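Trainee: Just dropping this structure here.
Just so it is clear, none of the values below were taken in a lab; they were calculated from the coordinates. Because the structure is predicted, anything quoted here is derived from the model rather than measured. All Cβ positions, glycine included, derive from the backbone under ideal geometry; neighbour counts span all protein chains shown.
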Amino acid sequence: MKHLKTAVLLAAVALAGPVLAHGDVKNPVVKMRHAAMKAIADNTKVLGEMAKGALPFDAAKAQEAAVAIAAQAAMTPAMFEDPSNTDPKSEALPAIWEDFADFTAKSDALVAAAEGVDTSTLDGVRAGLGQIGGACKACHSKYRE
Ligand code: HEC
């Protein structure tokens, strides 16, 4: 994936638009975290549906989804950096701030997984999806309620 850095920046700008409302969450940073996770999940779903044939394989769309995942994952640590941003509805565990370096490494692992997807073939998307799914799970199992 050449030119990924530029593409990531463009995607970040595009996605920085309206922050989605999430239930009764009041804290704006927590809202932003939820919106970022939702964007990550929505784009992972696009790859997932292509992988199982529910969506036709489309290399450009797969590339777009992978870039969006990488962009959101790259911004994740900054959104979690300040532990004073919290909300009763948040599922973020205090362990995040006990080992923020590891939390950051787990975000970086998702960036790497998303950047590593070979979006030129369906098999590449399938393999990449496995890597991406593993990165979600590695972080959630430790840092999400
Ligand atoms: C570096 C850690 C990390 C990674 C990697 C990560 N997540 Fe999350 N995710 C979290 C944390 C922490 C929360 C809880 C945030 C909160 O409730 O404040 C969360 C919450 C979520 C939510 C719920 C959002 C909401 O509105 O309540 C979804 C959906 C989600 N993640 C999907 C994913 C998917 C899909 C991936 C992988 C493609 C992924 N996440 C990767 C840390 C991570």
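Trainee: Testing the spin-label approximation: label points 7 Å from Cα along Cα→Cβ at Ala105 and Ser141. State their distance in nm.
Mentor: 1.5
Trainee: Here's another thing I want to ask about it. Using Cβ contacts closer than 10 Å as the measure, can you line up Thr104, Thr86 from fewest to most? Present the calculation step by step, with values, prior to reporting the outcome.
Mentor: Working: Thr104 16, Thr86 13.
Listed from fewest to most nearby Cβ atoms, that is Thr86, Thr104.
Trainee: Shifting gears a bit: Quick one: if the Förster radius is 22 Å, what FRET efficiency do Lys38 and Trp97 give, using the C-beta to C-beta distance and rounding to 0.05?
Mentor: Values: r = 23 Å, r/R0 = 1.02.
After rounding to 0.05, the efficiency reads 0.45.
Trainee: When the chain is fully extended, how far beyond the present Cα-Cα distance does Ala59 get from Ala127, taking 0.36 nm per residue of separation? Display every interim value, and only then the final one.
Mentor: Values: separation 68, 0.36 × 68 = 24.48 nm, distance 1.42 nm.
Extra length from Ala59 to Ala127 when fully extended: 23.1 nm.
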